[in-house]
Structure formats: structure tokens, C-alpha cells
Amino acid sequence: CALQGYSMMRIQAVDLFLLACFRPPFKGIQYGQVGWLPQRAEDIQFNKDAVDRFDYLLACLKKNGIYINLDLMNRGYSNCASLPAGVSSKEILFNPEWRRHWEAAVGFILNHSNPYTGMKLKDDPAIAIIEPLNEQDLLLYDKAFMSKLTPSFKEFLRSKYTNEQSLQ
């Protein structure tokens, strides 16, 4: 509480909480099945009770002078199901389908109007820090990850620089 010297709270895995992934029954659609990675916010199964509890928590923190550090997405996809071996949440960095899904989920979270504050999260001054994706490291040591990232990076370099001399 602010009276005890705390002025900020980090809330991690907002997406998993809003999906109610921590409360059975879990409603995850398995990886690869139709609908597992929705491309529109209205197709993501946010739990209305969880959204309401989240809104109330943010309003209470704000009322007590506590700023908020939001970790918007924990895994890069809004689904309670697990990923199979060999598939990483870092797909969001180079897979357009994952990126569109991330934009839809984060768009809902940030543009949703909190009935307890009357504000959208993106406009609320109590939101001090937004972390787009938890642990957004690039895993440069991971050969499988780099094999997926390298083609996109090479394409970026080719589009930005016309020859090797302009790259230097």
C-alpha cells in the first residue's frame, strides 16, 4: 500500500488472468486446431468476471495512489492451451499470424473501458509502465530460434540497405 512506501505494482500475465486460465475448467483450444489463435479481439474468450475483477483491482490501486506496471501478454498467445515441443511463444517476433493475434488481444486490453475509473487503460495515468510481452529476450544463443529469425532479419537488411557499403 502507498502508506507503507509502495508506489508501484507489477501485474504479470494479464492475458492469462483475463482468460481465467488459472480457474478450471480450462477452455484451451489445442495448438493447430481451428480457432486456437484468434485474429480478432471479439473471438478471444476473455472471461467477463475476470475482466471485471481486473478492472476493480486497477481502480483500487489507483485510488490508493499505486501506479501499475502491466505485463500485457505472458506467452504471446491468448489461449489456455500449452504449446507443443519445438514451438515457442517467440513466434510473435516473426510470424504475422501471431503478431495479428497479439495486436487483437492487446488492443482489447488497452482499449477496454474500465467501468470503475471511466477510462481506457491506454489513457489512464495510473498505468506507468506497459511491457508488451513478458521476457521479450531474443534468445540469440538458441539455434532453432535464430533459424526462424534470420530470414526476416536478412529481408529487413535488404530492404533498408541497397548494398554492403551502405550497410557499413
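The values are calculated or read from the model by the stated rules, or taken from the named source; none is laboratory data. Everything quoted here is computed from the prediction, not taken from an experiment. Heavy atoms of the whole protein, side chains included, go into the accessibility calculation; ligands, DNA and RNA do not. Shrake-Rupley method; radii C 1.70, N 1.55, O 1.52, S 1.80 Å.
Largest first, how would Phe54, Phe17, Phe94 line up by accessible area (1.4 Å probe)?
Final ranking, largest accessible area leading: Phe17, Phe94, Phe54.
Applying the Karplus parametrisation 6.51 cos²θ - 1.76 cosθ + 1.60 with θ = phi - 60° to the phi angles of the range 87-104, what ³J(HN,Hα) value in whole Hz is obtained for each residue in order, glycine and proline being reported as x?
The phi angles translate into 10, 10, 5, 6, 3, 4, 6, 9, 10, x, 5, 5, 5, 4, 5, 4, 4, 5 Hz.
Could you go through the range 106-113 in sequence order and give the Karplus-derived ³J(HN,Hα) for each residue, using 6.51 cos²θ - 1.76 cosθ + 1.60 with θ = phi - 60°, rounded to whole Hz, and x for Gly and Pro?
5, x, 4, 4, 7, 9, 5, 8
Run down the lysines and flag those whose C-alpha is under 20 Å from the C-alpha of Lys143, throwing out any fewer than 8 positions away in its chain.
Straight-line reach from Lys143, under 20 Å: Lys90, Lys154.
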